[in-house]
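Engineer: Have a look at this one before I ask anything.
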Amino acid sequence: MAEETKAPSAHTGASGGESRPERSGGDRPERSGPPRGARPGGGPGGPREGGRKFFRRKKVCKFCVEKIEAVNYKDVRLLAQFVAESGKITPRRLTGVCTPHQRRLSRAIKQARNIALLPFAGRAQ
Amino acid sequence: MNRNYELMFIVRPDMVDEDLNKLISTLESSVTSAGGTAKSEVWGKRRLAYRVGKFNDGIFVLMMIEATGAVVHEVERRLRVTEPVIKFLTVRTDEELKRLDKIKKIRDSKKKASAQPAAAATAPVTPATPEAATETPASAPV
């Protein structure tokens, strides 16, 4: 909550660009291609945004916090939290899950899909 | 070299209980006769997330098997030919269990290590000894 220094800005540019700095702030080594050139993302605020901090509230990995070690394909309720309405797996940057847990989670979701506990596409009934 | 497996299969919903139990016991006996252990639980009828061969719900059965790979292969073959079984999934779980055990051990040892100085600091001899005595049996069932 300390990092929540977003000023309620009305720029549509700012809100559109939020997704990009968020990405570079979150996974450090990975998608460094686009954000590096275009925007001064990741670092504490670019001069373009008028000194607004780019860091959104640092999302914590739910599994690390609650110390859930075993991600089983059988607990559908837990898995369904990480699946979108369309049935797709939500990306790590939106859920804030850390990489090893995201890998296990995605494996479990795919197993659950195979055994018809989760849908491949469409709403989970 | 027994490995742990979890086998979940779905049976068509219009199957009667006795037939289901008969099927489960046949599978279990095929595992135990080959030298392994099997334990099963029936989850009951659930709605499937998508249509599987004309059915929208099915009876889920979970079997925990501890046996060699060949035995599980045989069980899977049987499931494939059994007509009421519409889907199955086998997951090998021994690596996962090993990992969980390791984590539990690390956590327990950390807890013990942090509890020891507290017990020593607290106090005079008399309360400390029964505390130490209760400490050890508590960590034994690991």
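The values are calculated or read from the model by the stated rules, or taken from the named source; none is laboratory data. In this text the structure is predicted, and so the values were computed from the model without any measurement. Please note: Cβ atoms are built from the backbone with ideal geometry, for glycine as well, and neighbour counts cover all protein chains shown.
Engineer: Tell me which residues, restricted to region A:89-120, are away from chain B (no Cβ under 14 Å), over 20 Å from B:GLU95 (Cβ atoms) and in a helix (DSSP H, G or I).
Structural biologist: Residues satisfying the conditions are A:ARG92, A:ARG93, A:LEU94, A:THR95.
Engineer: A further question on this structure: Please go through region B:1-25 and give me each residue that is surrounded by 12 or more Cβ atoms within 10 Å (Cβ to Cβ) and away from chain A (no Cβ under 14 Å), ordered by number.
Structural biologist: The first filter runs over region B:1-25 and keeps only residues surrounded by 12 or more Cβ atoms within 10 Å (Cβ to Cβ), leaving B:2-13, B:15, B:20-21, B:23-25.
Hits for region B:1-25 are B:ASN2, B:ARG3, B:MET15, B:LEU20, B:ASN21, B:LEU23, B:ILE24, B:SER25.
Engineer: Within region B:75-113, which residues are among the aliphatic types (A, V, I, L, M) and more than 10 Å from chain A (Cβ to nearest Cβ)? Please lay out each step first, then the result.
Structural biologist: We begin by selecting, within region B:75-113, every residue among the aliphatic types (A, V, I, L, M); these are B:75, B:79, B:81, B:85-86, B:89, B:91, B:97, B:100, B:103, B:106, B:113.
Result: B:VAL75, B:LEU79, B:VAL81, B:VAL85, B:ILE106, B:ALA113.
Engineer: Tell me which of these B:ILE86 doesn't satisfy, since it passes every other one: (1) assigned to a helix (DSSP H, G or I); (2) at pLDDT 85 or above.
Structural biologist: (1)
Engineer: Which residue pairs have Cβ atoms closer than 9 Å, lie 6 or more positions apart in sequence or on different chains, and pair a first residue in region B:46-61 that is at negative phi and assigned by TED's automatic domain parsing to the domain that holds B:ILE24 with a second residue that is among the aromatic types (Phe, Trp, Tyr) and part of a strand (DSSP E or B)?
Structural biologist: B:ARG46/B:PHE60; B:LEU48/B:PHE55; B:ASN56/B:TYR50; B:ILE59/B:TRP43; B:PHE60/B:PHE9; B:PHE60/B:TRP43; B:VAL61/B:PHE9; B:VAL61/B:TRP43
Engineer: Sticking with this structure for a sec: Within region B:98-111, does at least one residue satisfy the condition of being of a type in the set (Gly, Ala, Ser), surrounded by 13 or more Cβ atoms within 10 Å (Cβ to Cβ) and not in a loop (DSSP other than H, G, I, E, B)? Lay out the reasoning, then the answer.
Structural biologist: Narrowing region B:98-111 to residues of a type in the set (Gly, Ala, Ser): B:109.
If we keep only those that are surrounded by 13 or more Cβ atoms within 10 Å (Cβ to Cβ) too, we end up with none.
Checked region B:98-111: no residue is of a type in the set (Gly, Ala, Ser), surrounded by 13 or more Cβ atoms within 10 Å (Cβ to Cβ) and not in a loop (DSSP other than H, G, I, E, B).
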